[in-house]
Every structure is written in C-alpha cells, then in structure tokens.
1. Would you mind finding the one in Val70, Val80 that is touching a helix residue (DSSP H, G or I) at 6+ places or on another chain (Cβ under 6 Å) and of a type in the set (A, V, I, L, M, F, W, C)?
2. Which is surrounded by 20 or more Cβ atoms within 10 Å (Cβ to Cβ), outside the structural domain of Ala112 (by TED's automatic domain parsing) and part of a helix (DSSP H, G or I), of Leu324, Leu352?
3. Residues in segment 331-349 that are in a helix (DSSP H, G or I), without any contact (Cβ under 8 Å) to a residue 60 or more places away in the chain and in contact with a strand residue (DSSP E or B) (Cβ under 9 Å, 6 or more places away or on another chain): how many?
4. Would you check which residues across segment 268-320 are aromatic (Phe, Trp, Tyr) and under 23 Å from the mean Cα position of the chain (by Cα) and list them?
5. Picking from Glu411, Glu377, which residue would you name as being of a type in the set (Asp, Glu) and within 12 Å of Ile356 (Cα to Cα)?
6. In segment 29-73, what residues are of a type in the set (Asp, Glu) and either outside any loop (DSSP other than H, G, I, E, B) or within 24 Å of Gly111 (Cβ to Cβ) (or both)?
7. So which residues in segment 81-139 are touching a Gly at 6+ places or on another chain (Cβ under 8 Å), outside any strand (DSSP E or B) and aromatic (Phe, Trp, Tyr), if there are any at all?
8. Here are Arg412, Arg405: which of them is of a type in the set (Lys, Arg) and touching a residue at least 40 places away in the same chain (Cβ under 8 Å)?
Amino acid sequence: MTTTSPTKTQDIIDHHDKHMVVNIGRYPIALVRGRGCTLWDAEGKEYLDLFAGFGAGVLGHCHPDLVAAVTRQASQLWHVGNLFHTEPQGLLAEAIAKHGFGGRSYFCHSGADANEAAIKLARLFGRAHPGTQGPRFKVISTVHSFHGRTFATMMATGQEKVRAGYEPFLEGFVNVAYNDLAAIEAAIDPKTVAILVEPIQGEGGINIPVEGYLAGLRALADKHNLVLIFDEVWTGCGRTGRYFAHQHWNVTPDVMTLAKGVGGGLPVGVMCAGPRVADLFDHRVHHGVAHATTLGGNLLSMAVAATVFQVIERDNLLSHATALGAHATARMNAAAKSIPAIKGVRGKGLFLGIEIDPAAKGAWFKSTKEVVDKCLEQGVMINGTQNVVLRLAPPLVLTKAELDRGLDVVERVIRGS
C-alpha cells in the first residue's frame, strides 16, 4: 500500500490531525527544510530560528559534520542492542567525562528518561545507605522546575499543571522554593535521599541561582549524605558558554542529566554519575540488571552526539556563545531604557530570558504569547514561558548578524511598532 505525501501546509496539517493524537497545540506552519539557523515552510517562507527546537538543535539544522557523522554510521551499523560493545558509545561517554567531572554515562532517549534513571540510582543509594527509619527514597526539587512528564519526573517537576489529572501520584517528592537553601534544609528528613535541581531553571523562566546557592546544595548533600543531581537537560553541551552550567559556579554534582542539545536534534538522554554512586548501577554489584533501555545508545544517535562535542571544541563555540550572550544582554538592557515593557534580561551564554511587563506603559500585549506569535509572523522563532518571559535558545552557530536581525524584530514587536 502506498500513500501520497502532502506537499502544502494545509495538506500536511490535515494529514497530521487525521492520523496523530493531537496532544499539543501547534502553529499552523509546516516546516520542510532547514540549514544552519534558518528554516523554511512548505510555501517557502523563511524563518530565523532563535529557539532551536527547545534548545535541541545546538548546532543548528543539517550541520555538515553531523550529517557526515550520521551518514557514515548509517552505512556501517545502526543498532545491535546493549549486550554488545560499540565504539560510538565509548567515544561519547569519554567526551562527557573529559568535559565534565569524569563521571560514567548511561544512555537513554530523553531528559525524562535520564532523570528517571537518576532517581532510580538515588533510590539504590538510599537502600545502600539507609537512614534511621530504613531505606531512603525521598527527592527534594524546586518550585517552577521541569524534569519531565513520567510518573516520577512529573512529581519532581514543581508545576501542578504537569501532573494534573494523573492521580494517584507517586510518593516521595517534595517541591520547595528555588534559590532558598533554608527551604531545602527544612525539607530534609530521615527518608530523604536526593536533591534534584536545574543549575539554571528553564521552564521556570531562565532563573539564575543566587551566589552560594549551588555550593550550599553541595554542602547540604555532603552533610546529610544525599545524592546531588543537576538536571542539565536545557543547559548542557555549551548552551551557557560552558560545557555544563554548573561549571559557572565550580560545584560538582554526584549525578548530571543531559538531553536536548547533546543529541544535536536526535533523541539522546544521558545520566552521568560520579564514583560515589555509579557502581550502584553496575550489574556485578547489583547482581542483575539495575536499569536498561533497548534503543538507548543506538549507534546513529551516539555518532552524532560524539560529533557535537568535537564541533563545539574545534569551533570554539563556548567563547562564541559567551560573546553573543553578552551582546544580546547588553542590547536588550539598552532597549529597556526606551521600552518600559522590557523589565530586564537574565541568563548565561545563549540561554536567555527577556522578562516583559504586560502592565507597563505602552504595552499592547497580555502575555508572551502575543509577542511570540507576532515575531513568528515576521519570520523569527522565539518562545515564551511563565507568561512573562521570552526565551531565546538559538543554535550555537548563530552569527552576530543573525542575532541582531532577530533582536531587531523582537524589539520592534515588544515596542508595538
């Protein structure tokens, strides 16, 4: 049986809605081609991509090195399962260890998968190191965080809307205020085993840790023998101007989770564990398979992900992201002097949040949605979160000229001109 591929936007939309679960609202746009930081829809309209598919396209669209890597691997070997050793897995794990804290990696498909693995590892630690009331299993995370939509990770996520309707809930999770060490410490009890935080909150609005917060979490974890987990799904792989965001504050976690950018647009999740906890997943220590997934670490994804790190290092993209981030921040802060609706800019590297005020003098919008939609009409893709924060997470290969072109549109739209 053959099917006819739709070629125009409405055909693609109709075909999609007929055959797929419509679980998320989508723009009435069908994208068909991409190159670098540019996308084209089915009618040929061009868009400047300043959001990179929720940050996943860290090297942009169809980067030649990634195309070469996946093409080369596709002609050799795709998938053999995890009962065999394969070189691409080792190369990626080595790159993560080299640029990170020397941990050992477990590969899966997504950020939620990676955080599930981290939570399971923490529970094994809680059994190996019980408290006064027996095995420990509770995880403390923060309000406005986002860690995934599985049954464990939606409980760690500090947003009620993510878990609404899925009762009864999995026990063992507590959400407290971000940037509040006292709140974390007050939540620790004899059943607590882990602290799970994003070094920079993504869905929460690009919230930056106050000075001493991450170091304070490390101290609390050490004091109470807890597993410190940093969710770097958004912030890993150079996005913030460092390979991993926690490196800005010189604090080392016990576990780090990655996704989005690490796969360069392919589905890759990573849980990287330090020596204090990594052996708990070792089948020789656990006396059986502690955790696994069939397609995690498939060779196509691994070949691309290993190449992502090679390109970032070769092309000095950390410094590039830092410089462009500083330029964007300075420019938008300058714009705020004449546009009351811009409250300020925060972030690191090319992970930026522009806070806007719908109540400001001259503001024509009620939330970020209207601003994002208007930018899209003018060919620039950005995103909004928490109703008042515009998010920019463009590919690291973005040029200064492209950035300025995009910011011209953002400024003009916020101003209402």
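1. On the way: Val80 fails: touching a helix residue (DSSP H, G or I) at 6+ places or on another chain (Cβ under 6 Å).
Step by step, each of Val70, Val80 is checked, and only Val70 is touching a helix residue (DSSP H, G or I) at 6+ places or on another chain (Cβ under 6 Å) and of a type in the set (A, V, I, L, M, F, W, C).
2. Numbers: Leu352 fails: part of a helix (DSSP H, G or I).
The match here is Leu324.
3. Taking segment 331-349 first, the residues in a helix (DSSP H, G or I) are 331-336.
This time we only want the ones that are without any contact (Cβ under 8 Å) to a residue 60 or more places away in the chain, so: 333-334, 336.
Narrowing further to those that are in contact with a strand residue (DSSP E or B) (Cβ under 9 Å, 6 or more places away or on another chain): 333, 336.
Of the residues in segment 331-349, 2 are in a helix (DSSP H, G or I), without any contact (Cβ under 8 Å) to a residue 60 or more places away in the chain and in contact with a strand residue (DSSP E or B) (Cβ under 9 Å, 6 or more places away or on another chain).
4. Our first condition is that a residue be aromatic (Phe, Trp, Tyr); within segment 268-320, this holds for 281, 309.
Matches in segment 268-320: Phe309 only.
5. On the way: Glu377 fails: within 12 Å of Ile356 (Cα to Cα).
Just one listed residue meets the conditions, Glu411.
6. Let us first name the residues in segment 29-73 that are of a type in the set (Asp, Glu), namely 41, 43, 46, 49, 65.
The answer is Asp41, Glu46, Asp49, Asp65.
7. If the condition is that a residue be touching a Gly at 6+ places or on another chain (Cβ under 8 Å), outside any strand (DSSP E or B) and aromatic (Phe, Trp, Tyr), then Phe101, Phe137 are the ones that fit.
8. Numbers: Arg412 fails: touching a residue at least 40 places away in the same chain (Cβ under 8 Å).
On inspection, the qualifying residue turns out to be Arg405.
The values are calculated or read from the model by the stated rules, or taken from the named source; none is laboratory data. Quick caveat: nothing in here was measured; it's all calculated off a predicted structure. So basically every Cβ, Gly included, is an ideal-geometry build from the backbone, and we count neighbours across all protein chains shown.
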